[in-house]
1. Do the conditions hold for VAL90, that is, is it of a type in the set (Val, Ile, Thr), assigned to a helix (DSSP H, G or I) and modelled with pLDDT of 90 or more?
2. Taking region 59-86, which residues are assigned to a helix (DSSP H, G or I) and buried (at least 16 other Cβ atoms within 10 Å of the Cβ)?
3. Taking THR222 as the residue in question, decide whether it is assigned to a loop (DSSP other than H, G, I, E, B), within 16 Å of LEU133 (Cβ to Cβ) and among the polar types (S, T, N, Q).
4. Just to verify a result, which residue in region 45-66, among those that are over 30 Å from GLU114 (Cβ atoms) and touching an Asp or Glu at 6+ places or on another chain (Cβ under 9 Å), is modelled with the lowest pLDDT?
5. Are any residues in region 45-58 in a loop (DSSP other than H, G, I, E, B) and in contact with a helix residue (DSSP H, G or I) (Cβ under 6 Å, 6 or more places away or on another chain), and if so, which ones?
6. Filter region 188-218 for residues that are of a type outside the set (S, T, N, Q) and in contact with an Asp or Glu (Cβ under 9 Å, 6 or more places away or on another chain); which is surrounded by the most Cβ atoms within 10 Å (Cβ to Cβ)?
7. Could you tell me which numbered condition THR195 fails, if it satisfies all but one of (1) out of contact with any strand residue (DSSP E or B) (no Cβ under 7 Å at 6 or more places or on another chain); (2) within 19 Å of VAL112 (Cα to Cα); (3) hydroxyl-bearing (Ser, Thr, Tyr)?
8. Do you know which residues across region 172-190 are more than 17 Å from GLU224 (Cα to Cα) and either among the aliphatic types (A, V, I, L, M) or outside the structural domain of VAL207 (by TED's automatic domain parsing) (or both)?
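The values are calculated or read from the model by the stated rules, or taken from the named source; none is laboratory data. The shown structure was predicted, so the numbers you read here are calculated from the model rather than taken from an experiment. A quick note on method: Cβ atoms are made from the backbone with ideal geometry, for glycine too, and the neighbour counts reach across all protein chains shown.
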Amino acid sequence: MGSNDLHTGHRDRLRNRFQEEGLDSFEDHQILELLLFHAIPRGDTNPVSHRLLQRFGSLSAVLEADPLDLASVEGMGEKAALFLAMIPQVTRRYFHDRVVRDRPKLNTSEAVAEYLIPLMAGRPEEVFYALCLDTQCRVLYPALIGEGTVKEAAVHPRHVVEEAIRHRAASVILAHNHPAGTAKPSQQDHALTRTLVQALGPLDIKVLDHIIVAGEETFSFTREGLLPAFTP
């Protein structure tokens with residue numbers, strides 16, 4: 001039996017196991033192997049999977065890595081790297097779509113957290129959103145205002161105002177993530193919140209909240225009584 005037959009048999013066994021059991025009993029390298037079957041059509045993906053985990057440290061770190069770094073691992077290449085890098089983004093899109101397809105009302109901090117956590121999941125960079133809402137607090141459009149390094153996203157008040165007007169928002173919820181660390185707001189977060197409340201106030205567009213997401217943890221300015229009021 002040749003090596004190709006061995007690899008084909010291994011792939012079939014792993015696929016059958018997934019079909020029968022799901023991924024819960026799989027080890028991290030086996031999940032990577034299964035994914036790489038779709039991007040590396042022939043050969044043994046087991047050593048590649050181990051090299052990826054050794055290089056990046058964990059399954060989530062592999063999937064969140066820069067495609068250029070992934071491609072540099074022996075046995076990977078550009079196609080396989082782009083395929084793995086797509087997984088977290090597809091996952092985010094899937095979970096977010098599940099939340100938004102019924103257009104839930106974001107009128108409680110719990111509902112907002114349920115909407116935002118999938119939107120922010122697995123992002124290595126900081127992103128800032130303005131959720132444009134109708135009069136019933138349903139999302140008209142989640143406007144991505146800025147994305148940046150792990151430390152900060154560039155947010156210009158003019159862009160928030162433009163998006164709120166473009167989507168005819170009755171109100172907005174501000175949201176950003178802290179990719180590393182806690183959801184506790186910084187002094188810059190407080191200052192930006194004040195600036196945006198003042199920028200939107202004259203247009204009769206109310207800022208309902210500013211939510212910070214760190215993993216599964218959220219911080220709500222409104223819940224904590226820290227959302228500044230608009231002062232004409």
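1. No: the conditions fail for VAL90.
2. Hits for region 59-86 are LEU59, VAL62, LEU63, GLU64, PRO67, LEU70, ALA71, ALA80, ALA81, PHE83, LEU84, ALA85.
3. Criteria met by THR222.
4. Filtering region 45-66 for residues that are over 30 Å from GLU114 (Cβ atoms) and touching an Asp or Glu at 6+ places or on another chain (Cβ under 9 Å), the one modelled with the lowest pLDDT comes out as THR45.
5. Result: THR45, single match.
6. Initially, region 188-218 is screened for residues of a type outside the set (S, T, N, Q), giving 189-192, 194, 196-197, 199-217.
Still in the list and also in contact with an Asp or Glu (Cβ under 9 Å, 6 or more places away or on another chain): 210, 212.
Values: HIS210: 26, ILE212: 22.
Here the residue is HIS210.
7. So the condition that THR195 fails would be (2).
8. VAL172, ALA180
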